[in-house]
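Trainee: Can you read through this structure? Questions will come right after.
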Amino acid sequence: MRLHAEHHFDATPSAVVDAMLDPEFVPELRALPAVGSVQVVEQETDGPVRRLSVRLEYVGAVEGIAAKVLGPTAPSWVQTYEFDGDASHGSLIITPDVHASLFDCSAEIDITATPQGARRVVNGTLKVRLPLVGGKAELALGPPILERIGQEAELLRIWLRR
């Protein structure tokens with residue numbers, strides 16, 4: 001399944017990248033609906049490459065095919081943002097803590113300057129490798145992933161206004 005999202009910020013592209021990779025921003029993610037805990041897993045700078053990995057735990061109701069796949073386990077996942085230096089091109093990888101081998105979700109992120117600030121475009125794919133029901137699982141998981149990315153963008157907008 002293809003994933004696409006676009007967000008606008010009243011900040012420079014470098015300020016948006018810096019905020020996305022700032023571990024001080026991570027506690028703000030607790031304001032997301034049904035998120036129980038957030039934790040920085042890794043913050044790394046390797047030459048020009050900067051990376052931030054964050055684990056989030058979902059505490060909302062899990063229904064349908066997701067409940068069948070996950071069983072009684074509370075869903076949690078690690079999302080990793082990586083950017084190369086001051087470049088406004090990066091990536092996002094989402095890795096669930098349970099059944100990670102069945103799930104691939106990654107995206108390229110481009111942040112460009114606009115007259116009003118910055119535009120972030122996220123283009124990616126979601127693949128669920130389950131015989132017979134993988135496509136149905138993708139259709140069930142894709143919209144909530146995009147919604148969550150949009151909710152994070154709103155928190156980032158608020159953070160950038162500080």
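The numbers here are math on the coordinates, done by the rules we state, and not lab data. Nothing here was measured: the structure is a model prediction, and the numbers come from that model. Glycine also receives a Cβ, built like all others from the backbone with ideal geometry; neighbour counts cover every protein chain displayed.
Trainee: Take residue 106 and residue 151, extend 7 Å from each Cα along the Cα→Cβ direction, and tell me the distance between the two endpoints in nm.
Mentor: For residue 106 paired with residue 151, the spin-label model returns 2.6 nm.
Trainee: Next question. Helix 134-160 versus the longest principal axis of the chain: what is the Cα-based angle in degrees, 0 to 90, to the nearest 10?
Mentor: Roughly 30 degrees between the two axes.
Trainee: Using helices alone, I'd like the mean residue ellipticity at 222 nm for the chain: each DSSP H run of four-plus residues gives -39500 (n - 2.57), total over residue count, nearest 500.
Mentor: Value at 222 nm, helices only, nearest 500: -8500 deg cm²/dmol.
Trainee: Additional query: Would you work out the charge dipole size for the chain about its Cα centre, treating the Cβ of every Lys and Arg as +1 and the Cβ of every Asp and Glu as -1, and quote it to the nearest 20 debye?
Mentor: About 500 debye.
Trainee: Oh, and also: Just one of (1) 0.97; (2) 1.05; (3) 1.30 is Rg/Rh (Cα atoms, Kirkwood Rh) as worked out from the coordinates here. Which one is it?
Mentor: Computing Rg/Rh (Cα atoms, Kirkwood Rh) and matching it to (1) 0.97; (2) 1.05; (3) 1.30 gives (1).
Trainee: Each residue of the stretch 120-128 in order: what ³J(HN,Hα) in whole Hz does its phi give by Karplus 6.51 cos²θ - 1.76 cosθ + 1.60, θ = phi - 60°, with x for Gly and Pro?
Mentor: 10, 10, 10, 10, x, 9, 10, 10, 10
Trainee: In addition: Projecting each Cα onto the charge dipole of the stretch 2-160 (Lys/Arg +1, Asp/Glu -1 at the beta carbon, about the Cα centre), which of 49, 11, 100 comes out farthest on the positive side?
Mentor: In the stretch 2-160, that residue is 100.
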